[in-house]
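Structure record follows, encoded as structure tokens.
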Amino acid sequence: MTTARTTPMMHGSNSLPAMDIASLIHPQTDLSAHGTRGPNIMARGHGIEIVDAQGKSYIEGAAGLWCASLGFGNERLARVAYEQMRDIGYYHLYRHTSLAPAIELASRLLAIAPVPMSKVLLQCSGSEANDTAVKLAWYYWHAMGQPQRRKIIARTASYHGSTVASVSLSGKPDMHADFALPLPGFLHTDFPHYYREHRDGESEEEFSARLAKNLEALILTEGPDTVAAFWAEPVMGAGGAVLPPAGYFEAVQAVLGKYDILFVADEVVCGFGRTGAMWGSTTYSLKPDMISSAKALSAAMAPISALLVNERIYQAMLRESEKLGSFAHGYTYAGHPMAAAVALETLKIYEEIDIVRKVRQVAPRFLERLAALADHPLVGDARGVGLIGGVEIVADKRTRAVFPASARVPACLDEAARRNGVILRFIGNRVAFSPPMIITEAEIDELFDRFTAALDSTAAMLKAA
Ligand SMILES: Cc1ncc(COP(=O)(O)O)c(C=O)c1O
């Protein structure tokens, strides 16, 4: 009977875990297992640590979902949110109405953009930013007299969000299955994961050139005049913290330029210092037409995202708006005063503490400890940039073979890491690191010491099995 599964014995029916099981659907969760396992309720946080309802403290090595850039709990941001809620609470940006925090935020974002950008659209999430960008890519080509340019190319294993369009961009079959997605016209080119996908003897540059050639072949097969835009995260987050191989974006951007295809950089994970520059686009010399950003934009303390568009896109929007009488798009909470004020204050904090310098100061230690993991028998690959990195768990370092799924090695490692007081992001056979950007060198050592202990105990368990 389902009731036996959905009411765990260890909790009374009025307990929070029981109420959770009875009432809440969790994203990206095995719903069936949740009925017996119940939730791990997080109670509070401070600095890089999060504390659960049982009082157990963890180093949050993934900054939640790559987003808690300033760590957990923040008096200054709380005060700003409080003041906005006290003074106005809500108003919108529709029909020429405006709000000071939204104006200042947009203007500040344009000032720090990695390439010249013209205007900013505000939404509540990374998914909505990418969704909006999909609409704008279509709108743009309509304005340009090429409405047949509808196809969008993203990459296998990329992640751009969960809304209908942004998950269609995402190259994640598990997120498409039984939703009858992706939508038609959303195409996926190669996963640029050198370690796993390169051929024997192929250098990173050769691998990049092959992928760019494949992209060009896909564009030619589909018809260049049917392709609207190409999407990429500078460093792939939910694909497993995968860095672009040497020469990749140079080769890809040359192809996009050849066929006049718009380029959208998804900076939702990389933006605001993560890669050791303010933007991943700066780290990898990207020249996007649109940039989606969220997460660290507000240090994850308020739900807000920003889509930056260049003058080329804006001029097309202007023409369409003149033709149709209005730019017929919008969200109730776009530019919400509390969220915009928190984001603006977050950008002020980044400036005051010089977040980019801070990341650069500790990145060598982070990258050194990350690279050292490659010596462990369970680790096949370990690479990072700035304060983001991924390691790949393998059964055989020489052949790069992975453990059979039935061995549940990543799940055991995740459990061991949590037992050792560290939370990381497990993605298939990869483990992603993206700690809060306020992390110190001593905390980096503690994070890697705990993870290494988890690796050792998992290796010992496998040996004993
Ligand atoms: C690169 C990237 N783009 C977009 C998104 C979607 O953002 P959100 O969950 O705020 O909708 C994510 C979320 O993890 C992401 O990693």
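Values quoted throughout were computed directly from the atomic coordinates according to the rules given, and no laboratory measurement underlies them. Note that the structure is a prediction, hence the values are computed from the model and not measured. Here Cβ is always computed from backbone atoms with ideal geometry, including for glycine, and neighbour counts include all displayed protein chains.
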Within segment 358-373, count every residue that is surrounded by fewer than 21 Cβ atoms within 10 Å (Cβ to Cβ) and either among the basic types (Lys, Arg) or part of a strand (DSSP E or B) (or both). 3
In segment 30-64, which residue that is within 16 Å of the ligand (Cβ to nearest atom) and part of a helix (DSSP H, G or I) is surrounded by the most Cβ atoms within 10 Å (Cβ to Cβ)? 63
Would segment 349-356 turn up any residue that is of a type in the set (Phe, Trp, Tyr) and in a helix (DSSP H, G or I)? yes
Restrict the check to segment 98-119 and report whether at least one residue is within 16 Å of the ligand (Cβ to nearest atom) and touching a Pro at 6+ places or on another chain (Cβ under 7 Å). no
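Any idea which residue in segment 125-159 is nearest to the chain's Cα centre (by Cα), counting only those that are under 27 Å from residue 274 (Cβ atoms) and away from the ligand (no atom under 14 Å from the Cβ)?
In this case the residue turns out to be 156.
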Which of the residues belonging to segment 217-234 are over 12 Å from residue 191 (Cα atoms) and within 12 Å of the ligand (Cβ to nearest atom)? 231, 234
Looking at this structure, is residue 91 among the aromatic types (Phe, Trp, Tyr), part of a helix (DSSP H, G or I) and more than 23 Å from residue 268 (Cβ to Cβ)? no
Contacts under 7 angstrom Cβ, first residue in segment 258-272 being in a strand (DSSP E or B), partner near the ligand (Cβ under 8 Å from one of its atoms), 6 or more apart: 264/292; 266/130; 266/160; 266/233; 266/292
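With the requirement that a residue be closer than 23 Å to residue 140 by Cα and not acidic (Asp, Glu), what does segment 319-334 give you? Spell out the reasoning first.
Of segment 319-334, the ones closer than 23 Å to residue 140 by Cα are 319-331, 334.
Within segment 319-334, 319, 321, 323, 324, 325, 326, 327, 328, 329, 330, 331, 334 meet the criteria.
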Could you grab me the full set of residues in segment 160-216 that are more than 16 Å from the ligand (Cβ to nearest atom) and either at positive phi or among the basic types (Lys, Arg) (or both)? 178, 180, 185, 196, 199, 201, 210, 213
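With a cut-off of at least 2 residues that are touching a His at 6+ places or on another chain (Cβ under 7 Å), name the strands (runs of 3 or more DSSP E) lying wholly within segment 374-465.
Values: elements: 379-385, 388-393, 425-427, 430-433.
It comes to none.
Of the residues that sit in segment 65-77 and are in contact (Cβ under 8 Å) with a residue 24 or more places away in the chain and away from the ligand (no atom under 16 Å from the Cβ), which one is farthest from the chain's Cα centre (by Cα)? If you could, list the steps in order and put the result at the bottom.
Looking only at segment 65-77, we keep the residues that are in contact (Cβ under 8 Å) with a residue 24 or more places away in the chain, and these are 65-74, 76-77.
Of the ones still in play, those that are also away from the ligand (no atom under 16 Å from the Cβ) are 70-74, 76-77.
Numbers: 70: 16, 71: 17, 72: 18, 73: 21, 74: 22, 76: 25, 77: 22 Å.
Top of the filtered list is 76.
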Residue 27: passes all of (1) away from the ligand (no atom under 16 Å from the Cβ); (2) not in a helix (DSSP H, G or I) but (1)
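Please go through segment 49-67 and pick out each residue that is touching a strand residue (DSSP E or B) at 6+ places or on another chain (Cβ under 7 Å) and under 28 Å from residue 15 (Cα atoms).
As a first pass, look at segment 49-67 and keep what is touching a strand residue (DSSP E or B) at 6+ places or on another chain (Cβ under 7 Å): 49-53, 57-62.
Those that are touching a strand residue (DSSP E or B) at 6+ places or on another chain (Cβ under 7 Å) and under 28 Å from residue 15 (Cα atoms): 49, 50, 51, 52, 53, 57, 58, 59, 60.
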Taking the criterion of being under 25 Å from residue 430 (Cα atoms), of a type outside the set (Lys, Arg) and outside any helix (DSSP H, G or I), would at least one residue in segment 211-232 satisfy it? yes
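For residue 162, are the conditions met, namely being farther than 24 Å from residue 344 by Cα and crowded, with 21+ Cβ neighbours inside 10 Å?
Details: farther than 24 Å from residue 344 by Cα: yes; crowded, with 21+ Cβ neighbours inside 10 Å: no.
No: the conditions fail for residue 162.
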Selection count, segment 176-205, where residues are over 26 Å from the mean Cα position of the chain (by Cα) and either crowded, with 16+ Cβ neighbours inside 10 Å or over 15 Å from residue 251 (Cα atoms) (or both): 4
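Here's a check for you: in segment 276-307, which residue that is farther than 20 Å from residue 248 by Cβ and part of a loop (DSSP other than H, G, I, E, B) is farthest from the ligand (Cβ to nearest atom)? Step through it out loud before you land on a result.
Step one: list which residues in segment 276-307 are farther than 20 Å from residue 248 by Cβ, which gives 278, 293-307.
Going one step further and asking which of them are part of a loop (DSSP other than H, G, I, E, B), we end up with 278, 294, 299-304.
Numbers: 278: 16, 294: 5, 299: 14, 300: 9, 301: 13, 302: 12, 303: 7, 304: 9 Å.
Here the residue is 278.
Can you tell me which residue is farthest from residue 157 (Cα to Cα) among those in segment 245-270 that are of a type in the set (Asp, Glu) and more than 16 Å from the ligand (Cβ to nearest atom)?
Filtering segment 245-270 down to residues of a type in the set (Asp, Glu) leaves 250, 260, 266-267.
Now narrow it down to the ones that are more than 16 Å from the ligand (Cβ to nearest atom): 250, 260.
Values: 250: 20, 260: 25 Å.
In this case the residue turns out to be 260.
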Filter result for residue 122 (in contact with a strand residue (DSSP E or B) (Cβ under 7 Å, 6 or more places away or on another chain) and within 16 Å of the ligand (Cβ to nearest atom)): yes
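Among the residues of segment 64-76, is any farther than 23 Å from residue 305 by Cβ and of a type in the set (A, V, I, L, M)?
Start the filter on segment 64-76 by keeping residues that are farther than 23 Å from residue 305 by Cβ, which leaves 75.
With of a type in the set (A, V, I, L, M) added as a condition, the list becomes none.
Among the residues of segment 64-76, not one is farther than 23 Å from residue 305 by Cβ and of a type in the set (A, V, I, L, M), which makes the answer no.
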